[in-house]
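Enquirer: Handing you a structure now.
Readers should treat all values here as calculations from the given coordinates under stated rules, not as data from a laboratory. All of these numbers come straight from a predicted model, not from anything done at the bench. Reconstructed Cβ throughout: ideal geometry from the backbone, glycine too, with neighbour counts over all protein chains shown.
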Amino acid sequence: MKKEFDLDKPLIKIEGLQKVFGTKEVLKNVNLIFPKGSTTVILGLSGGGKSTIIKHIVGLMKPTGGSIVVDGVNVATCSDNELREVRKDIGYLFQDGAMFDSMNIFDNVAFPLREHFNYSEAEIEERVMKILKTTGLDAHRVAKLFPNELSGGMRKRAGLARAIIMEPKIILYDEPTSGLDPITSDLITQLILDLQENLGVTSVLITHDMKESFKSADYLAFLFEGEIIEWADNEGFKNSKNPYVQQFLKGSGEGPIQFND
């Protein structure tokens, strides 16, 4: 049964987003909505600015122009205190996990709780162990280990545990399955789907994994030359008439997208 979402009141709305680095205009005019409770996958060529979009959502970057409204707050212009409150509702799974190498996994996952709340250590321990188990890790064994002692898949799961420890409304995933074998990739994708269903989160994924994209996505957006040139639900995207989208989906070197040596 196809899920229905309120497109008129999205949880995140981006309008006219522009980002210039020096003389390079990475984002020209990005317009995009993320319906509450949905999973949206942003696709595009490598280095095209996909990660730049989600860094703007969480306020890690300030735009050159445009607005990014997250749950009613424009993170492009809000105060530091307002941004801090918005970030409490956002979990971010970085591409490389971005774990603190000097901390064991328990302290890595506990870090957001200690940063934003005044929980007792007993409360922190209960929440951390529970969330590690939620991501399919052997909590008691993994909690004592350091990031360099984990496999790539386990690091992704530990990073996901840290991203969801504060029970966010929004989770941003930057290449959640990159560098993983197909079985582990599928397990991570299933975790993403479970979180959406069980917690009702709004998810935004940056990925090049087409199989996992269509498995997880309610909506897909295609970023090309700094603009979103296609946005549609799963079936609509697969059947897009846009030649750039079709070339990308086919993984073909022939088509309107030209590559310069």
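Enquirer: DSSP loop trypsin sites (Lys or Arg not before Pro) in the range 80-173 with at most 12 other Cβ atoms within 10 Å of their Cβ, which ones? Working shown, then result.
Expert: Details: sites: Arg84, Arg87, Lys88, Arg114, Arg127, Lys130, Lys133, Arg141, Lys144, Arg155, Lys156, Arg157, Arg162, Lys169; in loops: Lys88, Lys144, Lys169.
Loop-located and lightly packed - Lys144.
Enquirer: Let me ask you something else. How high is the relative contact order of the chain? Use alpha-carbon pairs under 8 Å, at least six apart in sequence, and give a whole percent. Before the final figure, lay out the partial values.
Expert: Numbers: 457 pairs, mean separation 62.7, N = 261.
So the answer I get is 24 percent.
Enquirer: Still on this structure, I have one more. Please arrange Ile68, Ile229, Ile124 by counting, for each residue, the other beta carbons lying within 10 Å of its beta carbon, fewest first. Walk me through the numbers before you get to the answer.
Expert: Values: Ile68 25, Ile229 15, Ile124 18.
Least to most surrounded, the residues fall as Ile229, Ile124, Ile68.
Enquirer: Percent relative contact order of the range 161-229, based on C-alpha pairs within less than 8 angstrom and at least six residues apart? Could the numbers behind the result be given before it?
Expert: Working: 59 pairs, mean separation 23.8, N = 69.
So the answer I get is 35 percent.
Enquirer: Here is a further query. Set the bar at 26 Å for Cα to Cα. Now go through Lys28/Lys211; Lys36/Lys215; Lys62/Lys144; Lys13/Lys250 and name every pair that lies beyond it.
Expert: Values: Lys28/Lys211 29 Å; Lys36/Lys215 19 Å; Lys62/Lys144 37 Å; Lys13/Lys250 30 Å.
In this structure, Lys28/Lys211; Lys62/Lys144; Lys13/Lys250 exceed 26 Å between Cα atoms.
Enquirer: Report the charge-dipole magnitude of the range 99-167 in Debye, nearest 20, computed about the Cα centre from +1 at each Lys and Arg Cβ and -1 at each Asp and Glu Cβ. Before the final figure, lay out each step's value.
Expert: On the way: 10 positive and 10 negative charges, 64 e Å.
The calculated dipole for the range 99-167 is roughly 300 debye.
Enquirer: Let me ask something else. Taking K and R as +1 and D and E as -1, what net charge do the other residues with C-beta under 13 Å from the C-beta of Lys36 add up to? Kindly include the intermediate steps, with their values, before the conclusion.
Expert: Working: positive: Lys3, Lys9, Lys13, Lys169; negative: Glu4, Asp6, Asp8, Asp71, Asp89, Asp218.
Every neighbour counted, the sum reads -2.
Enquirer: How tilted is helix 121-134 with respect to the longest principal axis of the chain? Cα atoms for both, answer in degrees (0 to 90, nearest 10).
Expert: Between helix and principal axis, roughly 50 degrees.
Enquirer: Return the single residue from Gly251, Gly152, Gly48 with maximal mean-square fluctuation; model: Gaussian network over the chain, springs between Cα atoms under 10 Å.
Expert: Of Gly251, Gly152, Gly48, the most mobile in the Gaussian network model is Gly251.
Enquirer: Take the alpha-carbon positions of the range 115-217, form their convex hull, and give its projected area averaged over all directions (one quarter of the hull surface) in nm².
Expert: On the way: hull surface 27.4 nm².
In nm², the orientation-averaged hull projection of the range 115-217 is 6.9.
Enquirer: Longest segment of the chain with no GluC sites (Glu not before Pro) in a DSSP loop having at most 12 other Cβ atoms within 10 Å?
Expert: Details: sites that count: Glu4, Glu254.
Segment 5-253 is the longest.
Enquirer: Report, to two decimal places, the Cα Rg of the range 99-167 normalised by 2.2 N^0.38 Å (N = number of residues).
Expert: Details: Rg = 10.7 Å, N = 69, 2.2 N^0.38 = 11.0 Å.
Normalised by 2.2 N^0.38 Å, the Cα Rg of the range 99-167 equals 0.98.
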